[in-house]
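The values are calculated or read from the model by the stated rules, or taken from the named source; none is laboratory data. All of these numbers come straight from a predicted model, not from anything done at the bench. Cβ coordinates were reconstructed from backbone atoms using ideal geometry, including for glycine residues, and neighbour counts include every protein chain displayed. Areas reflect the complete protein model, heavy atoms only, side chains present, ligands, DNA and RNA absent. Shrake-Rupley method; radii C 1.70, N 1.55, O 1.52, S 1.80 Å.
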Amino acid sequence: MTDAQTPSEDLPQLQVNMQYIKDLSFEIPGAPQTFIEMQGKNPEIPIHVDVNVANVGGNAYEVVLHLKIEALLEGKALFILELAYAGVFTLNLPEEQIHPVLLIECPRLLFPFARNIVADMTRDGGLPPLLLQPLDFVQLYRARAEEMNAQQGQA
């Protein structure tokens, strides 16, 4: 083959085309009383993570990292933060590599930006900044694959 017949070999395997906030919601339902009640207490802060992928044409994909954080203090919502942080990625990879790259590498690239948004929102909301710990997207990918296999086994 000549170089003219294999142009895809010269293209980057993974290209970040753009990143953006797709949706953002932050609320402190019990303010200002919440600020008084939380003094010296540590809330429970469960973090729910999901990743969605959609093809936007050709080998371009939108990857959306969803974070839902509902901090609870003695069973009451201290704050609720929902963030959908997205990126559009172009992949020039063999077919068998596309799915894991979309669900592992792309969210891994988006996460530091989403982490900063969460820290800024909580700080700007009058709370200490919430600094999310790094997420293991490989483990999330495996858990999702096991869940899908279990559902297919039941069907």
Checking Leu83, Leu103, Leu131 in turn, the sole residue that is of a type outside the set (Gly, Ala, Ser) and more than 11 Å from the chain's Cα centre (by Cα) turns out to be Leu131
Would you point out the residue of the stretch 23-57, among those that are closer than 30 Å to Ile98 by Cβ and in contact with a Phe, Trp or Tyr (Cβ under 6 Å, 6 or more places away or on another chain), that is least open to solvent (accessible area, probe 1.4 Å)?
-> Val53
Among the residues of the stretch 58-108, which ones are open to solvent by 60 Å² or more (accessible area, probe 1.4 Å), within 26 Å of Leu130 (Cα to Cα) and not acidic (Asp, Glu)?
-> His66, Lys68, Gly75, Lys76, Arg108
In the stretch 113-155, residue most open to solvent (accessible area, probe 1.4 Å) [restricted to those that are polar (S, T, N, Q) and assigned to a helix (DSSP H, G or I)] | Gln154
